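Structure record follows, encoded as structure tokens.
The values are calculated or read from the model by the stated rules, or taken from the named source; none is laboratory data. Since we're looking at a predicted model, the values are computed, not measured. When we count neighbours, we look across all protein chains shown, and the Cβ atoms used for this are built from the backbone with ideal geometry, even at glycine. Side chains included, ligands, DNA and RNA excluded: accessible areas come from the protein's heavy atoms. Shrake-Rupley method; radii C 1.70, N 1.55, O 1.52, S 1.80 Å.
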Amino acid sequence: MDPTIIAAIAGVLGVILGAVIGGVFALKATKRQVEVMLLQSRGDVNERLYSQSLVIMKFFAENPELRPYFYDNKDLSKAQSELEKLKVLSTAEMVSGFMELVALQLAEQPADIQPRWKAYIVDGYNCSAVLREHIATCTAWYADDFLRLLPPNSNERSTQ
């Protein structure tokens, strides 16, 4: 066989082998880069949820008269004034909106954190007649991922 044909075949095989090896390394590098980005994204989601949670806790600390409506099942009919009633209703929208956000971001949370956020939603729902009434009245506002987490019987407590 002609040495130039052998050299040409060897050259082509070398190019193909080099491309395959280079492609494998490029795929591994890309995979690692995507994994790092996913971890960073998950961390960003955690940070946003905890930050928003702190804002809500601060809101309740600054408005302690509203807290019993969301933690002690205080009925809206016991509001001292029309202004308090309006504050409670606005807070119900804020809290249920945050709960929906948590539910929508649940899959982005680490597996060991997910039950804690679910417990937050279930227990918050069970501890507030105002939230239950608001969500029942405005069901169309909320995502199914959130509504599916709510217990059919409001006396259920989180077991997590």
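I want to confirm something. Restricting to the stretch 41-71 and keeping residues that are modelled with pLDDT under 95 and of a type in the set (Asp, Glu), which single residue is least open to solvent (accessible area, probe 1.4 Å)?
The selected residue is Asp44.
Could you pull out the residue among Asp75, Asp123, Asp144 that is in contact with a Ser or Thr (Cβ under 8 Å, 6 or more places away or on another chain) and of a type in the set (Asp, Glu)?
Going through Asp75, Asp123, Asp144 in turn, the sole match is Asp123.
Can you tell me which residue within the stretch 90-100, out of those that are surrounded by 16 or more Cβ atoms within 10 Å (Cβ to Cβ) and touching a residue at least 40 places away in the same chain (Cβ under 8 Å), is farthest from the chain's Cα centre (by Cα)?
Going through the qualifying residues, I end up with Ala92.
Within the stretch 101-144, restricting attention to residues that are among the polar types (S, T, N, Q) and more than 26 Å from Asp72 (Cβ to Cβ), which residue is surrounded by the fewest Cβ atoms within 10 Å (Cβ to Cβ)?
Gln114
Does Lys74 satisfy the criteria of being open to solvent by 70 Å² or more (accessible area, probe 1.4 Å) and more than 25 Å from Asn46 (Cβ to Cβ)?
Answer is no for this residue.
Exactly one of (1) in a loop (DSSP other than H, G, I, E, B); (2) open to solvent by less than 20 Å² (accessible area, probe 1.4 Å); (3) not acidic (Asp, Glu) is unmet by Leu149. Its number?
Just one mismatch for Leu149, condition (2).
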